[in-house]
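The values are calculated or read from the model by the stated rules, or taken from the named source; none is laboratory data. Keep in mind the model is a prediction, meaning the values are calculated, not measured. With ideal geometry, Cβ positions are generated from the backbone for all residues, glycine too; neighbour counts draw on all protein chains shown.
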Amino acid sequence: QLAMAVKGEQQQQPLHILFFPFPAHGHLIPIADMAALFAARGVRCTILTTPVNAAIMRSAVDRANDAFAGTNSPAIDISVVPFPDVGLPPGVENGTAIKSQGDRGKFFEAAQLLREPFDRFLVDNRPDAVVSDSLFPWSVDAAAEHGVPRLAFMGSSMFALSCIDTMLRNNPLATVPDDPDALVSLPGLPHRVELRRSQLMDPANEAEHWGWAFFEGLNAADQRSFGEVFNSFHELEPDYVEHYRTTLGRRAWLVGPVALATKDMAGRGTDALSPDADNCIEWLDMKPAVSVVYISFGTLTSFSPAELHELARGLELSGMNFVWVIGAACPDSSEWMPEAFAELTAHGGRGFIIRGWAPQMLILNHLAVGGFLTHCGWNSTLEAVSAGVPMVTWPRYADQFNNEKVIVELLKVGVSIGAKDYASCVEAHEVIGGEVIAGSIGRLMGNGEEGDAMRKKAKALGGKARSAVEDGGSSYNAVGRLIDELMARRSSMKAGEM
Ligand code: UDP
């Protein structure tokens, strides 16, 4: 009878998962989508974050909750805690708001102080599992102390994490000449993977917070976790799913593309959509199918005036229609915009500039868009894959050079612009000339065989992405398996307590 009573109670109590994202858009956005995805399967989801970051996720969470009204899905909660006071100005709580190296250090310190409210949440609420950002490596011990399984989430591809793992294990840079153009082979991966020395984070570069040692600790914490969840899908990188399981002995669930769970195509990721957003969609409505290249570099990348000048020249030379998202932190146009370029965007002509936050999902899924010039952030990459849009790749730092390999070499849905230097989001990069930019856009968007083949592949891959998250698809099933495993764990814990 007791067993039946426990079973009855378990049936009434949905599984409760705590989501704990790092305070940067590239982490908050997929976590909000992932919560929507699990909530749609009956899981009670809470997201723990600070006020500014809660506001960034609010619209996506509200739209998801609206869609659940009248269904059995429990509403997603955001548990808002104060941002730790480390001397940053009020409201500076997110990676995009950091302007100086000094503030970067303080921001890092503040993020690590979130351990206290994290601990408190676990004590007060005893969730069944936590999906913690990998950038909080200490959460593996904090969760273990409270008997809560930790699922790590880095927000990157399995390919990129496999590259980092072999770099950390084998340090292939040690045996390569100290020449930026020297090719470095990453050993032990399913494919032959080679990058220029200048495209890799150098272990000798022990940056105070984000250096090699931090990544070693992070990789070790993820390995010690209950498992890892990926915003990816089996059909995208099957060899790395196998590599993870058999060679690395790590447990992973691929549940993406999570963006396909969003009910908030326009306002996802912001509480301040650009005032240009509606006009941009109307402008796109007037353009022929597959004729527009979309340009955006995510939320953290900054360009020097010289780089912006060349990009503007490249767009002019390419002869293509374009939508270009210029972030709020962009230098004043008088510092870089060529006169002829301003003409192109006047009077609804060949180009449209969005200042501020663009509705990226709406744009990528618009029929007029035929290509995406991207910095290869993993969220943007998967959003393009899901929309069936091929890419011109222009990586800058973090996992972006690895993601470029996925796009150009593994999936063959992109043209590389030929970026060579890994440098953090605030350091200067080599200036790539307008002719090179125009040439890469032309290869992708033109009518040649190369562009046709990539368009076809991208379209087919988009179909596979959508199938993965539909009922019976690989990601759909992975979510089901994870829920079942956590439920079974809860039952065995309860049985153990009796
Ligand atoms: N994004 C958007 N509008 C913008 C800029 C970015 O919707 O104007 C979204 C984009 O769709 C993606 C995320 O912000 O979901 C950026 O993440 P990504 O991993 O591509 O790059 P990061 O900003 O982390 O470098």
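Going through region 31-57 one residue at a time, which ones are more than 16 Å from Tyr476 (Cα to Cα) and within 13 Å of the chain's Cα centre (by Cα)? Hits for region 31-57 are Ile31, Ala32.
Considering region 229-282, the residues that are hydrophobic (A, V, I, L, M, F, W, C) and part of a loop (DSSP other than H, G, I, E, B) include one that is farthest from Asp66 (Cα to Cα), namely Leu248. Among the residues of region 333-370, those that are part of a strand (DSSP E or B) and within 16 Å of the ligand (Cβ to nearest atom) comprise Phe352, Ile353, Ile354, Arg355, Trp357, Val369. Residues of region 390-408 include none that is more than 22 Å from Met361 (Cα to Cα), surrounded by fewer than 22 Cβ atoms within 10 Å (Cβ to Cβ) and in contact with a helix residue (DSSP H, G or I) (Cβ under 7 Å, 6 or more places away or on another chain). Hey, does region 374-387 have a residue that's within 16 Å of the ligand (Cβ to nearest atom) and within 15 Å of Arg313 (Cα to Cα)? Scanning region 374-387 turns up no residue that is within 16 Å of the ligand (Cβ to nearest atom) and within 15 Å of Arg313 (Cα to Cα).
Listed here are the residues, each with its yes/no results for (1) under 25 Å from the mean Cα position of the chain (by Cα); (2) aliphatic (A, V, I, L, M); (3) modelled with pLDDT of 95 or more; (4) under 18 Å from Phe372 (Cα atoms).
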position	(1), (2), (3), (4)
Asp271	yes, no, no, no
Cys280	yes, no, yes, yes
Thr299	yes, no, no, yes
Ser304	yes, no, no, no
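Can you tell which of Ala75, Ala64, Ala54 is away from the ligand (no atom under 16 Å from the Cβ) and either under 20 Å from Ala266 (Cα atoms) or in a helix (DSSP H, G or I) (or both)? Before you say what the answer is, go through the steps one by one.
On the way: Ala75 fails: either under 20 Å from Ala266 (Cα atoms) or in a helix (DSSP H, G or I) (or both); Ala64 fails: away from the ligand (no atom under 16 Å from the Cβ).
Ala54 is the lone residue from the list that is away from the ligand (no atom under 16 Å from the Cβ) and either under 20 Å from Ala266 (Cα atoms) or in a helix (DSSP H, G or I) (or both).
Determine, yes or no, whether Val408 is in a loop (DSSP other than H, G, I, E, B) and either modelled with pLDDT of 95 or more or more than 30 Å from Ala40 (Cβ to Cβ) (or both). No; evaluated as a whole, the condition is false for this residue. Of the residues making up region 269-300, those that are surrounded by fewer than 20 Cβ atoms within 10 Å (Cβ to Cβ), within 13 Å of the ligand (Cβ to nearest atom) and among the β-branched types (Val, Ile, Thr) number 0.
Within region 312-332, the residues that satisfy the criterion of being at pLDDT 90 or above and more than 16 Å from the ligand (Cβ to nearest atom) are Ala312, Arg313, Gly314, Leu315, Glu316, Leu317, Ser318, Gly319, Met320, Asn321.
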